[in-house]
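J.: I am attaching a structure below and will ask some questions about it afterwards.
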Amino acid sequence: MEKHLTLPLSENDIEELQIGDFVYLTGEMFVARDAAHKRLYELMQQGKALPIDLKDSCIYYMGPSPAREGRPIGSAGPTTATRMDKYAPAFLDAGQKIMIGKGKRSKEVMDAVVRNHAVYFAAVGGAGALLSKCITSSEIVCYEDLGAEAVRRISVEEFPVIVVADCHGGDLYARQTQ
Amino acid sequence: MALREISVKEISDAVRDLCIKINYELSDDMQDLLKEAAKKETSELGCKVLETLQENLVVAREEQIPICQDTGMAVVFLEVGQDVHFVDGSIEEAVNDGVRRGYGEGFLRKSVVEDPIERTNTGDNTPAVIHYTIVSGDKVKVTVSPKGFGSENMSRVFMKKPADGMEGVKDAILTAVRDAGPNACPPMAVGVGVGGTFEKAAELSKEALAGIVSPYNRSWTDELEQEVLSEINASGIGPGGLGGKVTALSVNINTYPTHIAGLPVAVNICCHVNRHCRAVI
């Protein structure tokens, strides 16, 4: 099913999402990948405050190429979410609702999706040029020293994603190869 | 025969230009494979992914946005004629300078960290991984092949036994591809190295992806390439891992003589953004 939704997603939006749904997202999301996750996770472990508010948040696993003048961002496709598996359950337990990336997730992450009534979307891997056109603004929120891995806040319009793991325990990748 | 002097600056400029070019425009062989694949796909989501990827290539070229944000770690193959004498400095520094300028001036992502554990970004995508081969003649062939890590991470080396034979090779390739699944951004390009030693097999597989064909035995490789490609595409993984008939675009196998006790098989997986281009100086 094709849907057009605005971020942050409501409880009801998430409830109705099913694996295989093609969704166009509009609104704000964070961008973070390996190195930023590690830092945020370590702060959580130490019980310290985070520089971003995870409640109802959407995190896009991505590290863009540099923006040319006059553009908000460079190429901006998803990175492999599997590498965030170590951190994702803690992030979801802390309030994050949406993950966007590509690739398989661990059982721990899939359980955390159901437990927290969350959702994992895939964006099309390798379509970074096209996806960047749905991003209307981008600013670094923290960890600028990480370069391409800094945490950003971006605004997107009609950003195309596919539901890979829904809050009912569905797993699109598993379905394909059964 | 007289030595031919080549300034390393020429090599550096070639590396710079090739790094930029190939991150914005895929070589014709990969574009053709993608087009052909799109005709074979029947799954709805699979078709949508393949359409998206083709559209992405057009946007990348026309609007000068890198095809993929992972503009890779620069792998550079230098096939150096033995009658060449490099002048004006170090060849290694020249290659890295080319990478530095290409990634800086070309708005490409800097994805290299100085140490695998401490992980501080070098800020200019250097150093490159450089493979030197000495060949006959007085020319230098430069192949630049920036490698993204979504797919690199799914690559494997298997030390099979001689008794495993052809089936063992097939099993290694299919295992690597199945394990890679959606992580490697299918449709994939699969480079395979069979023979040599542990590291030689890996190098052969990387060369297979970069379009460098090994001069060693090919009596069974063409047939196996087609057979394995069909089996990969029967796996159901499909474009984006979302289901379908097109999981891989190509399988290329390179071979090398090996030891009486061994059958090394390296499987280097790449996404459809299998970037490689070359210049001859």
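The values are calculated or read from the model by the stated rules, or taken from the named source; none is laboratory data. Quantities reported herein were computed from a predicted structural model and do not represent experimental measurements. Methodologically, a virtual Cβ is constructed for each residue, glycine included, from the backbone with ideal geometry; neighbour enumeration extends over all protein chains shown. To get the accessible areas, we keep the full protein, side chains included, count just its heavy atoms, and leave off ligands, DNA and RNA. Shrake-Rupley method; radii C 1.70, N 1.55, O 1.52, S 1.80 Å.
J.: In segment A:115-161, which residues become less accessible by 50 Å² or more once every protein chain is in place, relative to the chain on its own, using a 1.4 Å probe?
T.: Those residues are A:124, A:126, A:129, A:130, A:133.
J.: Along Cα→Cβ, 7 Å out, is where each label goes; now give me the distance between the ones at residue A:42 and residue B:87 in nm to one decimal.
T.: 5.1 nm
J.: Which residues of segment B:167-186 show a drop of at least 40 Å² in accessible area when all protein chains are present, compared with their chain alone (probe radius 1.4 Å, heavy atoms only, ligands and nucleic acids excluded)?
T.: For segment B:167-186, once contacts with the other chains are taken into account, B:182, B:183, B:185 lose 40 Å² or more.
J.: Need one number: buried accessible surface between chains B and A, 1.4 Å probe, both sides summed, DNA, RNA and ligands left out, in Å² to 100. Mind dumping the intermediate values first?
T.: Details: alone 13330 and 8600 Å², together 18950 Å².
For B against A, buried area totals roughly 3000 Å².
J.: Rounded, prolate or oblate, given the Cα gyration tensor of segment B:150-273, with a/c below 1.5 counting as rounded? Mind showing how you got there, number by number?
T.: Values: a/c = 1.80, a/b = 1.69, b/c = 1.06.
It comes out prolate by the Cα gyration axes.
J.: Would you kindly find the accessible area of residue A:137, with a 1.4 Å probe and non-protein molecules such as ligands, DNA and RNA excluded, rounding to the nearest 10 Å²?
T.: Surface open to solvent at residue A:137 totals about 50 Å².
J.: Using the beta-carbon distance between residue B:230 and residue B:197 and R0 = 30 Å, what value does 1/(1 + (r/R0)^6) give for FRET efficiency, to the nearest 0.05? Walk me through the numbers on the way to the answer.
T.: Working: r = 30 Å, r/R0 = 1.00.
Efficiency, rounded to the nearest 0.05: 0.50.
J.: Next up: Which is farthest toward the positive dipole end of segment B:139-222 among B:163, B:216, B:143, measuring Cα position about the Cα centre, with Cβ charges +1 (Lys, Arg) and -1 (Asp, Glu)?
T.: After comparing all options, I get B:143.
J.: Now a separate question. Using a 1.4 angstrom probe on the protein heavy atoms only, line up A:138, A:65 by accessible area, largest first. Write down the numbers at each step before the final one.
T.: Working: A:138 35, A:65 5 Å².
Highest to lowest solvent-accessible surface, that is A:138, A:65.
J.: I've got another one for you. Identify the residues of segment A:1-32 with backbone N under 17 Å of a label point that sits 7 angstrom from the Cα of residue B:63 along the Cα-to-Cβ direction, or state none.
T.: A:25-27
J.: Oh, and also: Roll a 1.4 Å probe over the protein heavy atoms and report the accessible area of residue B:118 in Å², nearest 10.
T.: Roll a 1.4 Å probe over it and residue B:118 shows about 150 Å².
J.: A further question on this structure: Just to confirm, what accessible area per residue do you get for segment B:150-273 at 1.4 Å probe, in whole Å²?
T.: Values: 4560 Å² over 124 residues.
Normalised by residue count, the accessible surface of segment B:150-273 is 37 Å².
J.: Top to bottom by accessible area (1.4 Å), largest first, where do B:86, A:30, B:198, A:159 land?
T.: Details: B:86 50, A:30 25, B:198 125, A:159 0 Å².
Largest accessible area first, the residues go B:198, B:86, A:30, A:159.
J.: Now for a separate question. Between residue B:213 and residue B:119, what length in nm is gained on full extension when 0.36 nm per residue of separation is reduced by their alpha carbon distance?
T.: Values: separation 94, 0.36 × 94 = 33.84 nm, distance 3.44 nm.
Going from the current span to full extension adds 30.4 nm.
J.: Roughly how many Å is it from the Cα centre of segment B:15-53 to that of segment B:159-237, as a whole number?
T.: 21 Å
J.: Sorting A:4, B:85, B:272 by accessible area (1.4 Å probe), largest first, what list results?
T.: Working: A:4 105, B:85 80, B:272 0 Å².
Sorted descending by solvent-accessible area, the residues read A:4, B:85, B:272.
J.: Using Cα-Cα distances under 8 Å and only pairs 6 or more residues apart, what relative contact order does chain B have, in percent?
T.: Numbers: 641 pairs, mean separation 73.2, N = 281.
For chain B, the relative contact order is 26 percent.
J.: Then there is this: How many angstrom lie between the C-alpha centres of segment B:112-127 and segment A:92-109?
T.: Computed from Cα coordinates, the inter-centre distance equals 27 Å.
J.: Rounded, prolate or oblate, given the Cα gyration tensor of chain B, with a/c below 1.5 counting as rounded? Don't jump to the answer; show the numbers that get you there.
T.: Values: a/c = 1.83, a/b = 1.22, b/c = 1.51.
Here chain B falls in the oblate category.
J.: Could you please state how large a percent of the accessible area of segment A:2-176 is carbon and sulfur, counting protein chains only and using a 1.4 Å probe?
T.: Values: 3150 of 6690 Å².
Reported share for carbon and sulfur atoms: 47 percent.
J.: What list of ³J(HN,Hα) values in whole Hz, one per residue of segment B:192-203 in order, does the Karplus curve 6.51 cos²θ - 1.76 cosθ + 1.60 (θ = phi - 60°) give from phi, with Gly and Pro shown as x?
T.: Karplus-based 3J(HN,Hα) across segment B:192-203 equals 10, x, 10, x, x, 10, 3, 7, 5, 4, 5, 5 Hz.
J.: Run the helix sum for chain A: -39,500 (n - 2.57) per DSSP H stretch of 4+ residues, divided by residue count, reported at 222 nm to the nearest 500 deg cm²/dmol.
T.: That calculation yields -6000 deg cm²/dmol at 222 nm.
J.: Assuming 0.36 nm per residue, please report the length gained on full extension of the stretch residue A:69 to residue A:114 beyond their Cα-Cα distance.
T.: Working: separation 45, 0.36 × 45 = 16.20 nm, distance 4.20 nm.
12.0 nm is the gain from fully extending residue A:69 to residue A:114.
J.: Mind giving me the nanometre distance, one decimal, between the label points for residue B:7 and residue B:55, set 7 Å out from Cα along Cα→Cβ?
T.: Between residue B:7 and residue B:55, the label points sit 4.6 nm apart.
J.: Once both labels are modelled 7 Å past Cα along the beta-carbon direction, what's the residue A:24-residue A:168 spacing in nm?
T.: 2.5 nm
J.: Give me the extension gain from residue B:42 to residue B:27: residue separation times 0.36 nm, minus the current Cα-Cα distance, reported in nm with one decimal. Before the final figure, lay out each step's value.
T.: On the way: separation 15, 0.36 × 15 = 5.40 nm, distance 2.55 nm.
Contour length minus Cα-Cα distance gives 2.8 nm.
J.: Tell me, which cysteines of chain B are without a disulfide-compatible partner by the Cβ under 4.7 Å rule?
T.: By the Cβ distance rule, which asks for a partner under 4.7 Å, the isolated cysteines are B:19, B:47, B:68, B:270, B:277.
J.: Sticking with this one: Starting from the Cα gyration tensor of chain A, take the square roots of the eigenvalues, sort them a ≥ b ≥ c, and report rounded, prolate or oblate (rounded when a/c is under 1.5, otherwise prolate if a/b is larger than b/c, else oblate).
T.: oblate
J.: Tally up the carbon and sulfur contribution to the accessible surface of segment B:149-281 as a whole percent, 1.4 Å probe, everything protein left in place.
T.: Numbers: 2770 of 4930 Å².
The computed percentage sits at 56.
J.: Rank by packing, highest mean first: peptides B:219-229, A:117-127, A:98-108, with packing defined as the count of other Cβ atoms within 10 Å averaged across residues.
T.: On the way: B:219-229: 14.9, A:117-127: 25.9, A:98-108: 21.8.
Going by the mean number of other Cβ atoms within 10 Å, highest first, we get A:117-127, A:98-108, B:219-229.
J.: Here is a follow-up. Given R₀ = 30 Å, what would the calculated FRET efficiency be for residue B:260 paired with residue B:133, taking r from the Cβ atoms and rounding to 0.05? Intermediate results must be reported in sequence, preceding the final value.
T.: On the way: r = 26 Å, r/R0 = 0.86.
It comes to 0.70.
J.: Got a sec to turn the phi values of segment B:65-76 into Karplus ³J(HN,Hα) couplings, 6.51 cos²θ - 1.76 cosθ + 1.60 with θ = phi - 60°, whole Hz, x for Gly and Pro?
T.: These are the phi-based 3J(HN,Hα) values: 10, x, 3, 10, 5, 7, 7, x, 8, 6, 9, 10 Hz.
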